[in-house]
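K.L.:
The following block contains the structure, expressed as structure tokens.
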Ligand code: KIV
Ligand code: ZN
């Protein structure tokens, strides 16, 4: 085990595993790599990239992430089964340094009712799994799933056995978010008092937020000696989510003295941007009142508060917005800005050259600047996400759109022209509103008879500078598809979002056809 300063708390981010597993739809490899690179720039120590055995696509994206990372350690999850551990190895083949994270449940309810085994069998499986993983890498983490509800004697026995078998990190999850801070800290304290070889591994914690205790429980464990926290950006994760990275990191920073000098390697000024990147890509809005990263987290509304802040900010502000990276870009980006400027702003926002296509982003930027006048940081980031998505195969492209929105005694009418491969086709139609009219035309042009499941318009940016983001969820032949687009014109954004979803249907069909051909061959 590499020696790490005894006060340093390792940040293990599981946004791409526990977080992703809770999303309505899965992310593409490209999107996952983009999030992973943001996490790396944030200074995350270990990035849990996925669960390789769960699907060939997941294995591939874990691999792509591991190959893209330079400083953070990539980690793959596995049950305590040979085939899972081998799938992790498969994903990491040729990667310099990586972690295999293997787990098995230890609470009575999970052992007896879910796994239908005895605790002795569970210990044996855990030991075997850790040993197998150690044949592949010297960085092995073992988790006692549902540790929060595991009888303490069993937990002590399991932790000792996992460390003896070679686990370098042992994780104590409160899988169902059941414990209270004092109680959870007490579990970790008991482990330190009773497990004889505990100094041979890093003790980690992984808390869920079912009772809203995840941050408090994680920090309570750190006070008792845990030195790794597993967490997610914006607190994404199963059910009520996981411990939120920004909350534990900023608490340890702000209350370092109270917390006996613990610290992390997180570059806190990158927190706001990472939160926005994760929210943009996962399509999970950050609640405005979310601690640290919510849009309201540093706003003062009441007269008394405003008066206090004007006299001395610290009256109502324990953290500065700048400390987590909320700052306005002071470079004005307009249609007169050159490629160098855009590259410089993207660099400042933390995007390495090579992780995006400058020509593509720049041409999209110019189109937006023509319409919008001034372009802001968040617009540029949105263009980046969209341009990544556009790299995939597309069949349909919007060529022209004109709409009569409606009014008294006027029926909303749209005319849509699409490029479909090498051809161009036009349809006109009516609807119960302008968006409905546009969607009817697109449905006829693509030939896809989908059911619209969800349609959301949200503002990206604030006030007069905002753009409209449209998200559509479709159901087509029992599968869900999602499309997203941004424009200063929400009807155009709606058309583009629907077309993006139709392109996903098209891609899914191609994959299906290729599969069928292979099976028939
Ligand atoms: O919540 C949990 O117990 C987990 C484990 C796989 C670590 O996510
Ligand atoms: Zn979990």
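The values are calculated or read from the model by the stated rules, or taken from the named source; none is laboratory data. Here the structure is a predicted model, which is why all the values come from computation and not from measurement. FYI the Cβ positions are ideal-geometry reconstructions off the backbone, even for glycines, and counts take in every protein chain you see.
K.L.:
Confirm whether residue 40 is in contact with a helix residue (DSSP H, G or I) (Cβ under 7 Å, 6 or more places away or on another chain), more than 16 Å from ligand 1 (Cβ to nearest atom) and in a helix (DSSP H, G or I).
P.N.:
Details: in contact with a helix residue (DSSP H, G or I) (Cβ under 7 Å, 6 or more places away or on another chain): no; more than 16 Å from ligand 1 (Cβ to nearest atom): yes; in a helix (DSSP H, G or I): yes.
Considered against the rule, which asks whether it is in contact with a helix residue (DSSP H, G or I) (Cβ under 7 Å, 6 or more places away or on another chain), more than 16 Å from ligand 1 (Cβ to nearest atom) and in a helix (DSSP H, G or I), residue 40 comes out as no.
K.L.:
Given (1) farther than 20 Å from residue 17 by Cα; (2) part of a loop (DSSP other than H, G, I, E, B); (3) out of contact with any strand residue (DSSP E or B) (no Cβ under 7 Å at 6 or more places or on another chain), where does residue 286 come up short, assuming only one miss?
P.N.:
Going through (1) farther than 20 Å from residue 17 by Cα; (2) part of a loop (DSSP other than H, G, I, E, B); (3) out of contact with any strand residue (DSSP E or B) (no Cβ under 7 Å at 6 or more places or on another chain) one by one, residue 286 breaks only (1).
K.L.:
Mind checking whether some residue in the stretch 303-326 is within 25 Å of residue 40 (Cα to Cα) and at pLDDT below 80?
P.N.:
As a first pass, look at the stretch 303-326 and keep what is within 25 Å of residue 40 (Cα to Cα): 319-326.
Those left that are additionally at pLDDT below 80: none.
The answer is no, given that none of the residues of the stretch 303-326 is within 25 Å of residue 40 (Cα to Cα) and at pLDDT below 80.
K.L.:
Of the residues that sit in the stretch 52-75 and are in contact with a strand residue (DSSP E or B) (Cβ under 6 Å, 6 or more places away or on another chain) and closer than 23 Å to residue 162 by Cα, which one is surrounded by the most Cβ atoms within 10 Å (Cβ to Cβ)?
P.N.:
It comes out as 75.
K.L.:
May I ask you to list the residues in the stretch 133-148 that are more than 14 Å from ligand 2 (Cβ to nearest atom) and more than 17 Å from residue 121 (Cα to Cα)? Steps first, answer last, please.
P.N.:
So in the stretch 133-148, the residues more than 14 Å from ligand 2 (Cβ to nearest atom) come out as 133-140, 142.
Of everything in the stretch 133-148, those that are more than 14 Å from ligand 2 (Cβ to nearest atom) and more than 17 Å from residue 121 (Cα to Cα) turn out to be 133, 134, 135, 136, 137, 138, 139, 140.
K.L.:
Within the stretch 9-34, work out how many residues are touching a helix residue (DSSP H, G or I) at 6+ places or on another chain (Cβ under 7 Å), more than 17 Å from residue 218 (Cβ to Cβ) and either in a helix (DSSP H, G or I) or modelled with pLDDT of 90 or more (or both).
P.N.:
Taking the stretch 9-34 as the starting set, the residues that turn out to be touching a helix residue (DSSP H, G or I) at 6+ places or on another chain (Cβ under 7 Å) are 9, 11, 13, 15-16, 23, 26-27, 29-34.
Imposing the further condition that a residue be more than 17 Å from residue 218 (Cβ to Cβ) reduces the set to 16, 23, 26-27, 29-34.
Right, trim to either in a helix (DSSP H, G or I) or modelled with pLDDT of 90 or more (or both) and you get 16, 29-34.
Summing the residues that are touching a helix residue (DSSP H, G or I) at 6+ places or on another chain (Cβ under 7 Å), more than 17 Å from residue 218 (Cβ to Cβ) and either in a helix (DSSP H, G or I) or modelled with pLDDT of 90 or more (or both) in the stretch 9-34 gives 7.
K.L.:
Please work out if residue 212 is out of contact with any strand residue (DSSP E or B) (no Cβ under 9 Å at 6 or more places or on another chain) and at positive phi.
P.N.:
Working: out of contact with any strand residue (DSSP E or B) (no Cβ under 9 Å at 6 or more places or on another chain): yes; at positive phi: yes.
Yes.
K.L.:
Name the strands (runs of 3 or more DSSP E) wholly inside the stretch 418-494 in which the number of residues that are in contact (Cβ under 8 Å) with a residue 40 or more places away in the chain is 1 or more.
P.N.:
Values: elements: 423-430, 451-460, 467-476, 479-487.
Because the criterion is at least 1 residues that are in contact (Cβ under 8 Å) with a residue 40 or more places away in the chain, the strands (runs of 3 or more DSSP E) in the stretch 418-494 that meet it are 451-460, 467-476, 479-487.
K.L.:
Being outside the structural domain of residue 317 (by TED's automatic domain parsing), surrounded by fewer than 24 Cβ atoms within 10 Å (Cβ to Cβ) and closer than 14 Å to residue 215 by Cα narrows it down to one residue among 255, 239; which is it? Lay out the reasoning, then the answer.
P.N.:
Numbers: 239 fails: closer than 14 Å to residue 215 by Cα.
Residue meeting the stated conditions: 255.
K.L.:
Is there a residue in the stretch 184-192 that is under 26 Å from residue 49 (Cα atoms) and not in a strand (DSSP E or B)?
P.N.:
Within the stretch 184-192, the first condition is being under 26 Å from residue 49 (Cα atoms), and the residues that meet it are none.
Within the stretch 184-192 (the criterion being under 26 Å from residue 49 (Cα atoms) and not in a strand (DSSP E or B)), the answer is no, since none of the residues qualifies.
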